[in-house]
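Readers should treat all values here as calculations from the given coordinates under stated rules, not as data from a laboratory. Remember, predicted model here, so these are calculated numbers, not experimental data. Here the Cβ positions follow ideal geometry from the backbone for every residue, glycine too, while neighbour counts run over all protein chains shown.
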Amino acid sequence: MTYRRCGKSGILLPAISLGLWHNFGSVDDFTMATDMIKYAFDNGVTHFDLANNYGPVPGSAETNFGKILKENFRGYRDEMIISSKAGHEMWAGPYGGNSSRKNLMASIEQSLRRTGLEYFDIFYSHRYDGVTPVEETIQTLIDIVKQGKALYIGISKYPPLQARIAYEMMVKAGVPCLISQYRYSMFDRAVEAESLPLAAEYGSGFIAFSPLAQGLLTDKYLNGIPEGSRAARPSTFLQRSQVTPEKVEAARQLNEIARHRGQTLAEMALAWVLRDERMTSVIVGASSVNQLADNLQALNQLEFTAEELNGIERILCKV
């Protein structure tokens, strides 16, 4: 495993982290979830990314993770970086899904109970909700650290204006933002314009989620939408309409570059996200140990030639 320093902190994170957004909830195979977490840890993945609403049902990914820790990782807590988040809809009523102090304080207490942890290594504001003043949210995160419920804090998906306010507040309080989490992939490069350089300016690490564009940057969709795939099912995350002819064609062309590199498309897509030295880690999801193992193979070839990068840019500029 390759480890990278997280911004200007003393923390090292694995270049590939395991996310529990899908496949670790109460509707999923608990044995498979256990096997994936054990395989990840045995192969140097020390960072596990949760949120209070991950499931389904919401909260069940944290509950299952807590059970897996208790049954398999006694004595290894100090070898792990465990993160969670709050801010999206979690429970019914006016206080169950925003970035208010009320919500964040209740959420971290619930998350600690579900996981059985005494503290989180990283606790994020999962989003800027468009209503709660940034100052209220960030002061709450700062207080969470001072109360010992988290060692570090981070932000996720914040627009640049609100992110700058957050970074400034944290620095002034002596609790700088450890890490910033945003969607980033070959097919979604919006963060390159402002969010990535802004995080670097304030010494924050940067971690990407959805680096495979929900599967579009794998060999799964090279010939359209296969039966039983995520895009073929009703989903709020990958719609059939997102699997456009332009993206399918781009994926085919990218796959040819990957093949010449001796990689799968997924491996190259992960390596491409990690090409930037400001990128601390990428979060991968997995539905099986084999899929996780395949993703970790990306670390065997992280370097790109100028010709390869130029070829990738020519393909991506058409998407």
Inter-label distance for GLN110 and ARG275, nm, one decimal - labels placed 7 Å from Cα along Cα-to-Cβ = 4.1 nm
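Note down the net charge around PRO56, summing +1 for each Lys or Arg and -1 for each Asp or Glu among other residues with Cβ under 13 Å from its Cβ.
Details: positive: none; negative: ASP28, GLU62, GLU89.
Once all neighbours under 13 Å are counted, the net charge is -3.
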Would you mind telling me which residue in VAL248, VAL45, VAL27 has the biggest mean-square fluctuation in a Gaussian network model of the chain, where springs connect alpha carbons within a distance under 10 angstrom?
-> VAL27
GLN301 neighbourhood, Cβ < 11 Å, K/R = +1, D/E = -1, net charge -2
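Can you give the extra length, in nm with one decimal, that the chain gains between LYS318 and GLU135 once fully stretched, where that is 0.36 nm per residue apart less the Cα-Cα distance? Each step should come with its number before you reach the end.
Working: separation 183, 0.36 × 183 = 65.88 nm, distance 4.00 nm.
Result for the pair: 61.9 nm of gain on full extension.
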Ranked list, fewest to most other Cβ atoms within 10 Å of each Cβ, for GLU62, GLU118 = GLU118, GLU62
Over all distinct alpha-carbon pairs, what is the Kirkwood Rh of region 2-83 in angstrom?
-> 13.1 Å
Who wins for biggest fluctuation among GLY55, GLY262, GLY66 in a Gaussian network model of the chain, springs between alpha carbons below 10 Å?
-> GLY262
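Once the piece of chain linking LEU161 and GLN297 is laid out straight, how much longer is it, given 0.36 nm per residue of separation minus the C-alpha distance between them? Walk me through the numbers on the way to the answer.
On the way: separation 136, 0.36 × 136 = 48.96 nm, distance 3.70 nm.
Contour length minus Cα-Cα distance gives 45.3 nm.
Contour minus end-to-end for VAL57 and GLN147, with contour as 0.36 nm per residue of separation and end-to-end as the Cα-Cα distance?
Details: separation 90, 0.36 × 90 = 32.40 nm, distance 2.89 nm.
Result for the pair: 29.5 nm of gain on full extension.
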Residues TYR221, TYR95 in order from fewest to most other beta-carbon atoms within 10 Å are TYR95, TYR221
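Under 13 Å from the Cβ of GLU201, count the other residues' Cβ atoms, weight Lys and Arg +1, Asp and Glu -1, and hand me the total. List each step's numbers first, then the result.
On the way: positive: LYS8, ARG164, ARG278; negative: GLU168, GLU194.
Residues near GLU201 contribute +1 overall.
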Relative to the Cα centre, what is the charge dipole magnitude of the chain, using +1 at the beta carbon of each Lys and Arg, -1 at the beta carbon of each Asp and Glu, and rounding to the nearest 20 debye?
-> 420 debye
